[in-house]
Amino acid sequence: MELLDASTAPLPAQKHFAGGDPGPIVAALATVPELLGPALGFVGPALSAGAIGVRAKEFAILRTSALQGCTYCIHAHTTVSLDVGLTPDEVRALRGELPLEEGFPSPKERALIGWIDALAGATGPVPDDVWTQARAHWAEHDLVEISVTVGATMFLNRFATAFQLPTAPDVLERLAAEGMS
């Protein structure tokens, strides 16, 4: 897919290029400007810190991306996760490279990751044991928020994977420096 830039984006999409390169997702969505605004209007709030906080949101985004096998999103959110304070072991555990117990000794955080896994890695209702464990540590509104984040991430995972969106060279360099290529 040809990614648009400021000189090739249609007029309704131009505002998204005003600050420079908006990244491959926006550059791809700009090919259909009538979807660009609504898609970003949903995805932006779904992925932002929200009431649950940036740490939990990055759990959801990185873990979902790993379960879905979205290389673009795994790369991008590995660096974001490190930037917001997750440890390298936490990131590796979310990526499936370490057992969850090694990265997350907290039962509360493992319960949230169990919820994310049930949403992103399976079909059907959340199993009763996962529901019980999650509710023991998280309020319903937190689980609703994280569920919307997982859904938005799955949309972006499918989109980025289908169009084979490229990872930025600076992200690849950072991953190599962190030993997480």
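Applied to segment 96-101, the Karplus parametrisation 6.51 cos²θ - 1.76 cosθ + 1.60 on θ = phi - 60° returns per-residue 3J(HN,Hα) values of x, 9, 9, x, 4, 4 Hz, with x for Gly and Pro. Among rounded, prolate and oblate, which fits segment 102-161 when a ≥ b ≥ c are the square roots of the eigenvalues of its C-alpha gyration tensor, a/c under 1.5 means rounded, and a/b larger than b/c means prolate? Judged from the Cα gyration tensor, segment 102-161 comes out prolate (a/c at least 1.5, a/b above b/c). The mean accessible area for residues of the chain, using a 1.4 Å probe and ignoring ligands and nucleic acids, is 49 Å² per residue. Taking θ as phi - 60° and the Karplus parameters 6.51, -1.76 and 1.60, the scalar couplings of segment 163-169 work out to 9, 6, 5, x, 7, 4, x Hz in sequence order, x denoting glycine and proline.
The values are calculated or read from the model by the stated rules, or taken from the named source; none is laboratory data. Just so you know, these numbers come straight off a predicted model, no measurement behind them. Note: accessible area is taken over every heavy atom of the protein model, side chains too, but ligands, DNA and RNA are not part of it. Shrake-Rupley method; radii C 1.70, N 1.55, O 1.52, S 1.80 Å.
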